[in-house]
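The values are calculated or read from the model by the stated rules, or taken from the named source; none is laboratory data. If you're wondering where the values come from, they're calculated on a predicted model, not measured in any experiment. Here the Cβ is made from the backbone with ideal geometry for all residues, glycine too, and neighbour counts use every protein chain on show. For the accessible areas, the whole protein counts, side chains as well, though only heavy atoms, and no ligand, DNA or RNA atoms are used. Shrake-Rupley method; radii C 1.70, N 1.55, O 1.52, S 1.80 Å.
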Amino acid sequence: MKIYFARHGQTDWNILRKVQGTTDIPLNENGIAQAHLLCKNLEENEISFEKIYTSYQARAVKTAQIVDEHFHTGYEIVKGLEEMNLGLFEGHTWDEILSLYSEEHKQWLSNKRYNRSPGGESYQMVMERLFKALDYILGKHDPSSDKNLLIISHGAVIMTLLAMKRNIPFEQSHTIEVYNASPIEFSIEELNGIRERL
């Protein structure tokens, strides 16, 4: 079994480079087109999957619905797959955050894995609740089978997995690109290795 993670399609706030986090912003027209392209990408790369799991946020659910309409695998909303809560940073661009919350931002950057944004989560908290969600998901399937799963989630969530997989410190996580509606493969062994290092 392989787990494919894909970030939701584009939203207007993605274009404006505003931090979304828990703010529930819908897909824009391009985001809907990207979700259809995700279907094409999965087909062209012969990526099959047994079921889709998605965050409860509108941008992820709509992406999952479009993929499900194409493949008819069914989808399930699972708590724990949602985007990182970035508290007071949400709704602002990073330039605005540097201006409005300079000290808080500096404190957050000093240890991004364990420090929380004001009113938000740390990356460690995101990973812990993500793996609880993965425990639930994998408990419904046989991980030794050749049936794959697709998880529709968010940029920061997927970035934490990639940072851990590549041994990149979270302070350098801005170097990791997570593109909208593009599948990223993880083996069960890779996910178990990340879990052990939590």
Might you check whether a residue that is among the charged types (D, E, K, R) and modelled with pLDDT of 95 or more occurs anywhere in the range 181-189? yes
Residue 115 vs (1) in a loop (DSSP other than H, G, I, E, B); (2) among the polar types (S, T, N, Q); (3) in contact (Cβ under 8 Å) with a residue 24 or more places away in the chain; (4) open to solvent by less than 40 Å² (accessible area, probe 1.4 Å): all pass except (3)
Matching residues, the range 65-93, being charged (D, E, K, R) and either touching a residue at least 24 places away in the same chain (Cβ under 8 Å) or open to solvent by less than 10 Å² (accessible area, probe 1.4 Å) (or both): 76, 79, 82, 83, 90
Restricting to the range 34-54, name every residue that is free of Cβ contacts under 8 Å to residues at least 40 places away in the same chain and farther than 15 Å from residue 3 by Cα. 36, 39, 40, 43, 44
Of (1) touching an Asp or Glu at 6+ places or on another chain (Cβ under 9 Å); (2) aromatic (Phe, Trp, Tyr); (3) open to solvent by less than 70 Å² (accessible area, probe 1.4 Å), residue 13 satisfies every one except (1)
Search the range 168-183 for residues that are farther than 17 Å from residue 7 by Cβ and pair each with any residue that is outside any strand (DSSP E or B) and open to solvent by 30 Å² or more (accessible area, probe 1.4 Å) when their beta-carbon atoms are under 7 Å apart and the residues are at least 6 apart or on different chains. 168/175; 170/113; 171/109
For the range 39-64 the number of residues that are of a type outside the set (A, V, I, L, M, F, W, C) and buried (at least 16 other Cβ atoms within 10 Å of the Cβ) is 9
Only residues that are open to solvent by 20 Å² or more (accessible area, probe 1.4 Å) and either under 12 Å from residue 191 (Cα atoms) or in a loop (DSSP other than H, G, I, E, B) (or both): list them for the range 133-148, please. 135, 138, 139, 140, 141, 142, 143, 144, 145, 146, 147, 148
If residue 30 satisfies every condition in (1) in contact with a His (Cβ under 8 Å, 6 or more places away or on another chain); (2) open to solvent by 20 Å² or more (accessible area, probe 1.4 Å) but one, which is the exception? (1)
